[in-house]
1. Please work out which residue is farthest from the chain's Cα centre (by Cα), limiting yourself to the stretch 381-409 and to residues that are over 17 Å from Pro339 (Cα atoms) and either in a strand (DSSP E or B) or of a type in the set (Asp, Glu) (or both).
2. Conditions first: (1) of a type outside the set (Gly, Ala, Ser); (2) more than 18 Å from the chain's Cα centre (by Cα); (3) part of a strand (DSSP E or B). Thr342 passes all but one, so which condition is the exception?
3. Determine which member of the set Arg184, Arg148 is closer than 26 Å to Thr618 by Cβ and basic (Lys, Arg).
4. Which residues, taken from the stretch 267-283, are within 30 Å of Phe213 (Cα to Cα) and part of a strand (DSSP E or B)?
5. Going by what's in this entry, would Phe288 be described as closer than 27 Å to Pro207 by Cβ and either open to solvent by 10 Å² or more (accessible area, probe 1.4 Å) or assigned by the TED database to the domain that holds Thr147 (or both)?
6. Can you tell me which residues in the stretch 225-249 are closer than 21 Å to Pro621 by Cβ, at pLDDT 90 or above and either small (Gly, Ala, Ser) or touching a Ser or Thr at 6+ places or on another chain (Cβ under 9 Å) (or both)?
7. Could you tell me which residue of the stretch 480-503 is modelled with the lowest pLDDT, considering only residues that are assigned to a loop (DSSP other than H, G, I, E, B) and under 28 Å from the mean Cα position of the chain (by Cα)?
8. Would you pick out the residues in the stretch 444-479 that are in a loop (DSSP other than H, G, I, E, B) and surrounded by fewer than 20 Cβ atoms within 10 Å (Cβ to Cβ)?
Amino acid sequence: MSRRDIEDRDDSRHVDRRQWLSALGLAGAVTLAGCSGNGGDGGDGSDGGDGSDGGESLTLPDFPEFGVDDLYGRDVAHTLAERAFEESEYDYSFDGDTMVNPDGDQVEINIYHSAGQETSQLTADFIAQELGQNLGISVTVEAIDGTRFNNEYWTQPEPEGGTDTVNGEEVTWENPTPQNPGPRSVTSNESWDMSIVFGLNTYPLNPLTNSVFFDGANPFYNPVGYYPQFDAQELFSQARQATSTDELREAFVEIFENLAYEQPYITLLFSDDIVGYNPDLEGPIENFSNGWDLPAWYEGESNVSGSYDTVTSARFTTLNPLFNTENGAGEAIERALDPAYTFDEEQEYFPLLYDMSTEDGEVWTFDIRENLQFSEPYGQVTAEDFIYLVQELHQADWAPTAASSSWDGVTVEQTGEFQFQATLESSNILWPKTYDPTLYPIPKDLVQPYVEEEDVEGLQQDEELLELQFAGNLGPFELTEWNRGSGTEYVRNDEYYLRDIDEGPDLFSEGPLFEEASISVVQEQASRLGALETGEADSAAIPPEQYESYNQNDNVTVRQVPTPYNTILSVNQRANGWNAGPGNLFQLVPFRQALAAAISKQDLIDGVYRGLASPHFTWQPRWSEFYPVSDE
């Protein structure tokens, strides 16, 4: 499974973004790196109270748990908001319980949720109610298609780069991406205030991967324009020096504290994927790696027959494996093109296209299977294809591929026809668990003309890449049709390389055990669930509010699958965010804290998610071995 950062929410939360031969792992704290700017707060938080005695009485702990207990409610939210007003150069204030802008008008902002997704709408409605009740903000709830939001609001297809001053130092966006197109002054084409359209990956197998979000102001992925007020780059640099899991866990305590404190995204909750399956389907498990062995799944008898059909609400922006960062499209890609490796139900590395080994965590050897074939005329997959891919695309300034940040600072060298080595800048014993070293094989001869011309647009729009026509025997199915907006269709790949490997379940030797497969994009929740009930679909997401009824339905088997994706409130800290008046209060840490304190996590979990979720405080689920013990 390749690394993808975002998850489009559907009414059940999300239909796993990596439920095909993979699972994982597509946002903190602060001790404000040494400054008492934790609002000048410290201590253990025991006197935090509800803020009713004024701002001076509210002391935040190093790891604040906003939205529960003493850090939830009208008084604490007002206190934190007033701290933000003091920091702002504009005269925002409260008129009684109503937040007003410098003109004396009530603050009015919007929140976007995914269209046709009931849980998303209910969550947005709840947030609007809480912000109205506890901060006196008028919130307009708006539905939007996820693909449109991504293309017009969340990203900037023509990143500009630029320079800005962050924490007193000049920062340059030398390699801007659509997901972080430059300083806060560089915006998407459409303005927006808040969104719950996307959740993000917290990468619990190796939290170092979260550098893609938080390693300074100019990491690969930062659509909201967050500027850390702590020395994030230094802390991530220190974490990369860890030589054991224990050392890495200790190194991340301060990072996770800072993220919990600064709330770059307003953390809300983690919930399992609630997935309904055809009861005759053998294979699905309630495990973080559910789907890693999908080629061995079958219906009824373990022979090749039928079709594996799923439904989702999320359309695909692209199926080009070089540029995709979305979970839904990632699943569609991996029906026809395996990622390099995955993790089994024991969370152990399982090689697909290549194996990886190391003696010191700094130099890694990649051994490519020798039975991998591209479609004609490209021939056999060799180390040369991977070396060219890394050096000429992922490490090229002109090509903002989805894996660009993964290979920054990595030196690659071909050491044999089917072997290459990668040398890291420092040891990383858990490098495979970052998903950074996973590569999709792309023929050198296919991309070389675009490389020579430095033609990004041509590379993005190449039909062979978009239609996965080069995939040969590299995936369980062959893509036969991508109906833009309505889904993908596949037929069984009779030459699938996995049938000839020695590892894995015995049924891999016959896989996949379906003649066909499809992913249908269906916007309406009722239609998706209807397809599941009638057997037209073998898998569909179940919304939390309907969990009990489907759990008792003999025509559906319900699985709760742990996920690394969170439910967050994204607030736009760029120049086209905060459309309620001058300035942008979202840029101020105390104001983001106020938003977090105004929303009851437990009421949201109980009322909308029917108790099928847990509170989210920092960028890691509680079940992760890297969750900071300071929160215990």
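1. Across the stretch 381-409, the extreme among qualifying residues is Glu384.
2. (2)
3. Working: Arg148 fails: closer than 26 Å to Thr618 by Cβ.
Step by step, each of Arg184, Arg148 is checked, and only Arg184 is closer than 26 Å to Thr618 by Cβ and basic (Lys, Arg).
4. Within the stretch 267-283, Thr267, Leu268, Leu269, Phe270, Asp273, Ile274, Val275 meet the criteria.
5. On the way: closer than 27 Å to Pro207 by Cβ: yes; either open to solvent by 10 Å² or more (accessible area, probe 1.4 Å) or assigned by the TED database to the domain that holds Thr147 (or both): yes.
In short, yes.
6. Answer for the stretch 225-249, where residues must be closer than 21 Å to Pro621 by Cβ, at pLDDT 90 or above and either small (Gly, Ala, Ser) or touching a Ser or Thr at 6+ places or on another chain (Cβ under 9 Å) (or both): Ala232, Phe236, Ala239.
7. Gly485
8. Glu454, Asp455, Asp462, Glu467, Gln469
The values are calculated or read from the model by the stated rules, or taken from the named source; none is laboratory data. In this text the structure is predicted, and so the values were computed from the model without any measurement. Here the Cβ is made from the backbone with ideal geometry for all residues, glycine too, and neighbour counts use every protein chain on show. Surface areas here come from the heavy atoms of the whole protein model, side chains and all, with no ligands, DNA or RNA. Shrake-Rupley method; radii C 1.70, N 1.55, O 1.52, S 1.80 Å.
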